[in-house]
Amino acid sequence: MGSLINLLVLGLSHRTAPVAVREKLSVQPEHLDELLRRLAELPGVREAALLATCNRVEIYAAVAERDQALRAVTAELSARAGLSEAELGPHLYMHADTQAVHHLFRVASSLDSMVVGEPQILGQVKTTHETALRVQTAGPVLGLCFTRAFRVARRVRRETAIARNPVSVSSVAIDLVRQVFGSLEGRSLLIVGAGKMADLAARALQGQGAVLTVTNRTAARAAELAARMGGATHPFEDLAGALGKADIVLASTGAQQPVLTQALVAKVQKARRGRPLFLL
């Protein structure tokens, strides 16, 4: 390849890997800068950006030696996941040059999302580029690709009907709740977590008549969300008590370990005396 710069995308998503595998490659915000610098220093890599969401982990790289960079990035992902390359390999996809740009355009436009048309991904892609710029691992090649991707995404939303009815994983979940319960009037709904997905779910529920309760490890964040949505809060330390009162539970947290465990739900179900509990 000589000095020719190629664009490379290597990653996995909800289309290729189960949650258990995607979780192994999740990146905590405090580790992101260090990981980006490491990626940019891999053999053959000149620029690097990392898109990490609940449903995908993708490395975008400008590379001088494609095969060398592909081997190095694959080895880095395998090491981070604690899996052999043979184990991780079947879940990975690779796109190069024009196909890589096309993939980035599809991702930014939410055409590759689990819920097509959801608006959150464009913000996540923008954050990916901004972070790489801040850490100085993105240069002119990635800069041009991401800038064009933002333009394409805006055009897709402006010129098609994809944004006519804004959707998200949360709104789809709420639609499922309506299918099961019909009217939500008077139903007790517990939101576990107070992050972006929990906020989206609460917004989707406004005006539906559900009695909203929020619980979160950080009480102040629970209180803030509950205040905005006209709901109440419940101490996170008494999660079992909150579960005991709820008809519907929507959990979306950044916890590294399961919050709603089988043992906890089994214990709560005994106290509920057969009352159904709908978990999302």
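The values are calculated or read from the model by the stated rules, or taken from the named source; none is laboratory data. Keep in mind it's a predicted model, so treat the numbers as computed, not measured. Here the Cβ is made from the backbone with ideal geometry for all residues, glycine too, and neighbour counts use every protein chain on show. Just so you know, the surface numbers come from the protein's heavy atoms only, side chains and all, with ligands and any DNA or RNA stripped out. Shrake-Rupley method; radii C 1.70, N 1.55, O 1.52, S 1.80 Å.
Couple of notes before you dig in:
- Filtering the stretch 79-91 to residues that are open to solvent by less than 30 Å² (accessible area, probe 1.4 Å) and either in contact with a strand residue (DSSP E or B) (Cβ under 7 Å, 6 or more places away or on another chain) or assigned to a loop (DSSP other than H, G, I, E, B) (or both) leaves nothing.
- Residue check, residue 161 in contact with a His (Cβ under 7 Å, 6 or more places away or on another chain) and not in a strand (DSSP E or B): no
- Selected residue [of a type in the set (Lys, Arg) and over 17 Å from residue 81 (Cα atoms)] from 22, 15, 56, 38: 15
- For the stretch 68-75, the criterion of being more than 24 Å from residue 149 (Cα to Cα), surrounded by fewer than 16 Cβ atoms within 10 Å (Cβ to Cβ), among the small types (Gly, Ala, Ser) and modelled with pLDDT under 95 is met by none of the residues.
- Filter result (open to solvent by less than 30 Å² (accessible area, probe 1.4 Å), assigned to a helix (DSSP H, G or I), modelled with pLDDT of 95 or more and of a type outside the set (S, T, N, Q)) within the stretch 114-148: 125, 129, 132, 135, 142, 143, 145, 146
- One residue from 226, 219, 246, 242 being surrounded by fewer than 18 Cβ atoms within 10 Å (Cβ to Cβ) and more than 30 Å from residue 157 (Cβ to Cβ): 219
- The requirement of being out of contact with any Cys (no Cβ under 7 Å at 6 or more places or on another chain), buried (at least 20 other Cβ atoms within 10 Å of the Cβ) and in a loop (DSSP other than H, G, I, E, B) is fulfilled nowhere in the stretch 198-207; no residue meets it.
- Lone qualifier among 21, 57, 9 - being surrounded by 15 or more Cβ atoms within 10 Å (Cβ to Cβ), in contact with a His (Cβ under 6 Å, 6 or more places away or on another chain), aliphatic (A, V, I, L, M) and part of a strand (DSSP E or B): 9
- In the stretch 85-124, the residues that are without any contact (Cβ under 8 Å) to a residue 60 or more places away in the chain, of a type in the set (A, V, I, L, M, F, W, C) and more than 14 Å from residue 152 (Cα to Cα): 86, 115, 116
- Of all residues making up the stretch 13-35, the number that are of a type outside the set (Ser, Thr, Tyr) and in contact with a strand residue (DSSP E or B) (Cβ under 6 Å, 6 or more places away or on another chain): 2
- Scan of the stretch 39-54 for residues that are at pLDDT 95 or above, open to solvent by 10 Å² or more (accessible area, probe 1.4 Å) and under 14 Å from residue 131 (Cβ atoms), ordered by number: 40, 47, 50
- Residues in the stretch 261-280 that are open to solvent by less than 70 Å² (accessible area, probe 1.4 Å), touching a helix residue (DSSP H, G or I) at 6+ places or on another chain (Cβ under 8 Å) and not charged (D, E, K, R): 264, 265, 268, 277, 278, 280.
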